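A short write-up of the structure that comes next.
Every read-out reported here was derived from the displayed coordinates using simple, explicitly stated rules and does not represent laboratory data. Since we're looking at a predicted model, the values are computed, not measured. A quick note on method: Cβ atoms are made from the backbone with ideal geometry, for glycine too, and the neighbour counts reach across all protein chains shown.
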Amino acid sequence: MELLTDLFVSELIGKFIVDRSGHRLGRVRDVWVDSENPFPTVRGLIIRHDGELKVIPWQDIYMLSRRVVALCVIASDVHFEKVSKKQFCTSSILDRQIVDMHGEKLVRVNDIKLAGDSNGVHIVSIDVSLVGLLRRLLPRGWVRTQTSTSWLQPRFITWDMVQSLTSNGESLALRVSADKLAKIHPADLADIMENIGHKERLELFGHLDPETAADILAEVDIDIQVSILEQMDQERAADILEEMEQDEAVDLLSEMREDDSDQLLNLMETEAASDLRELLEYDEGTAGSLMTTDFLVFPEENTADEVIQRLRELAPEEDYIYYLYVVDSVGRLKGVVSLRELIIASPESKINELMHTKVISVPAEEDEKQLRRIFSKYGLMALPVTGESGEVIGIITVDDALSLKR
């Protein structure tokens, strides 16, 4: 069997198949491949013969080239085969989207490269460049005369970096480890998630740890969030919810069926579930529904040094230390200190000496129109939410404020 080492599937499709005597049997319609090997092996070619699609097995093929496909038998001796479930058609790969780990984006399979060795002919790589698409669409040979152009160069991803396909070619993604996926920015991964099919989305999500999955879930459309969690193992879904910001988890749970959200809450840790259940009681669009109960307050008798030591122990998220809220012995809001003021203060200074007493706060029932006005007017990074007795019950960050509908 002879094969050009850089033969592409696009160069095979449409080629005449001739038997040993030179008689034309038809044109190549597709290539059938066995996916069990690391580099899938070509098992036959599809042609339309006597009015129906048939597979010419590999054993009857003598030569593949850009001009012609030659058989080693005469037409009457071709051993036509039925399609096996272990085989798939290369047309099921073309135009599919995969995750490009290097460019952190979706790319499209525009062509498929074949190469031969002593064990047969295999898929060795996929071409995701514009060249691959032009090779399929433009007249034969045109691309080969133009590839000296700097911008018109093929770009290959080797097949060993692509996960095995199902028999119908539904699953196609780069073979990547969870740590590599975690290095992609959540916003980029979210873009990828929104542009692939539901099955591929669930498969990609399966590679992520709960913390990374939570970050990505917060970036995608709420309808996609719901569909992912509803189809996921419930214990894993509960783990992801625990890693989400409380206000984002509340938004997601409020969009789910009540039975589903209750089941997930029952699987979560008691304290986390209790906090979310409490937040779900607030009406949508109020400060209570937007706030998080993950916040930091400090007794007014603490010194600057004591507060800094406590911050080191807690290692809070950035969003929670825009401002440090000062409370009295029963938790009522008394003042606010910026992180800068705390750092430059004398270590022995009491924070009630450093704090600003004119603190802007809102009740849990405040509506989103007023919240937008407050954030816009005062340029706040965070806003405390207080209860009936003036105690701090939560905070709203500027990120949440920006998400408010206008």
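Of note:
- Placed amide H near VAL326: partners under 5 Å, 5+ positions off or other chain: PHE298, LYS334, GLY335, VAL336, VAL337
- Between amide H atoms placed 1.01 Å from N, distances below 5 Å from ALA364 occur with THR386, all of them 5 or more places distant or on a separate chain.
- Under Karplus coefficients 6.51, -1.76 and 1.60, residue-wise ³J(HN,Hα) of region 356-363 in Hz, glycine/proline x: 9, 8, 8, 9, 8, 9, 9, x
- Annotation: aspartates and glutamates with alpha-carbon distance below 12 angstrom to LYS199 (same-chain offsets under eight excluded): GLU170.
- Rounded to 5, percent antiparallel among DSSP beta bridges of region 270-344: 60
- Distance (nanometres) between label positions extended 7 Å along Cα→Cβ at VAL330 and SER346: 3.3
- Listed by chain and number, the aspartates and glutamates whose alpha-carbon sits under 14 Å from that of LYS350, ignoring those within fewer than 8 places in the same chain, are GLU300, GLU301, ASP305, GLU306, ASP328, GLU341.
- Across region 246-251, rounded Karplus estimates of 3J(HN,Hα) from the backbone phi angles (6.51 cos²θ - 1.76 cosθ + 1.60, θ = phi - 60°) give 4, 5, 6, 5, 5, 4 Hz, Gly and Pro being marked x.
- Packing-based order for 292-298, 233-239, using average beta carbon neighbours within 10 Å, highest first: 292-298, 233-239
- Each 5 Å bin from zero up to the one holding the largest Cα-Cα distance in region 176-281 carries the following percent of pairs: 2, 13, 27, 25, 18, 9, 5, 1, 0.
- Two-site FRET efficiency, ASP260 against ARG372, from Cβ-Cβ distance with R₀ of 30 Å, rounded to 0.05: 0.45
- Once the chain from ARG277 to GLN309 is taken as fully extended at 0.36 nm per residue, the excess over their C-alpha distance is 8.3 nm.
- The 3J(HN,Hα) values that the Karplus relation (6.51, -1.76, 1.60; θ = phi - 60°) gives for region 324-341 are, in residue order, 10, 8, 10, 10, 8, 5, 10, x, 6, 5, 10, x, 9, 10, 7, 4, 4, 4 Hz. Gly and Pro appear as x.
- Amide H contacts of GLY394: VAL385, each under 5 Å away and 5 or more positions distant or on a separate chain (H built 1.01 Å from N in the peptide plane; Pro and chain starts excluded).
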